[in-house]
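Colleague: Next up is a structure, given as C-alpha cells.
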Amino acid sequence: MLASDLGITPANPRLTYSAQVINLLDGSAAALPGTASFNAFTPAISNAMFVAVAPNATATVPVAVDPVEFAKTPALGLMVVTRTTAPEHRRRG
C-alpha cells in the first residue's frame, strides 16, 4: 500500500494513528490510549536513522526537532527498534 492510497500527499501530509500492542508469549493485547499525528513528508522529529553497533559497544544518533511541525504534530515519544540475534530468535530452516 502506498501513502497516496491513504490520501497522504505533499499537499495533505499528516495522518492520525493509534497503536495496539500484542504479547507474542501469551497472546494478550492492549490498545494504547489516545491518538497521535505524524507528518509523512516533514516529521516533527528526525527519523529513519540507522547505525550499526558492535557487540558491547555504544553509538550516538543525533535527533533533530522541527519546532514549527512539532507545534502541529507533537511527537509523543521515540521508537527505537533493534534486531536481535540471540539464538532463540534466529530463523531456523
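Here, each number is a calculation from the coordinates, and none is a lab measurement. All figures in this text were calculated on a predicted structure; none of them were measured in a lab. Neighbour counts run over all protein chains shown; Cβ positions are idealised from the backbone, glycine included.
Colleague: Distance from a point 7 Å along Cα→Cβ of Val68 to each backbone N in region 1-28: keep the residues under 20 Å and list them by number.
Modeller: 9-15
Colleague: Test of understanding: given the chain, find the longest segment containing no chymotrypsin sites (Phe, Trp or Tyr not before Pro) that are in a DSSP loop and have at most 15 other Cβ atoms within 10 Å. Intermediate values should be presented prior to the final figure.
Modeller: Values: sites that count: Phe41, Phe50.
It runs 51-93.
Colleague: Please find the FRET efficiency linking Ala3 to Val61, where r is the Cβ-Cβ separation and R0 is fixed at 22 Å, and quote it to the nearest 0.05. Show your work: numbers first, answer last.
Modeller: Numbers: r = 24 Å, r/R0 = 1.11.
E(calc), rounded to 0.05, equals 0.35.
Colleague: Per-residue ellipticity at 222 nm for the chain, helices alone: DSSP H runs ≥ 4 residues times -39500 (n - 2.57), over residue total, nearest 500 deg cm²/dmol?
Modeller: On the way: 1 runs with 6 residues, N = 93.
Computed mean residue ellipticity for the chain: -1500 deg cm²/dmol.
Colleague: Over the chain, one equal point on each Cα, no solvent: what is log10 I(q)/I(0) by the Debye formula at q = 0.13, 0.24, 0.26 Å⁻¹?
Modeller: -0.71, -1.23, -1.29
Colleague: Something else: Quick one: length gained pulling Leu76 to Thr16 fully straight, 0.36 nm per residue minus the C-alpha distance? List each step's numbers first, then the result.
Modeller: Numbers: separation 60, 0.36 × 60 = 21.60 nm, distance 1.23 nm.
Going from the current span to full extension adds 20.4 nm.
Colleague: Which FRET efficiency value, to the nearest 0.05, do you get for Arg83 and Asn23 by plugging their Cβ-Cβ distance into 1/(1 + (r/R0)^6) with R0 = 25 Å?
Modeller: On the way: r = 19 Å, r/R0 = 0.78.
Efficiency, rounded to the nearest 0.05: 0.80.
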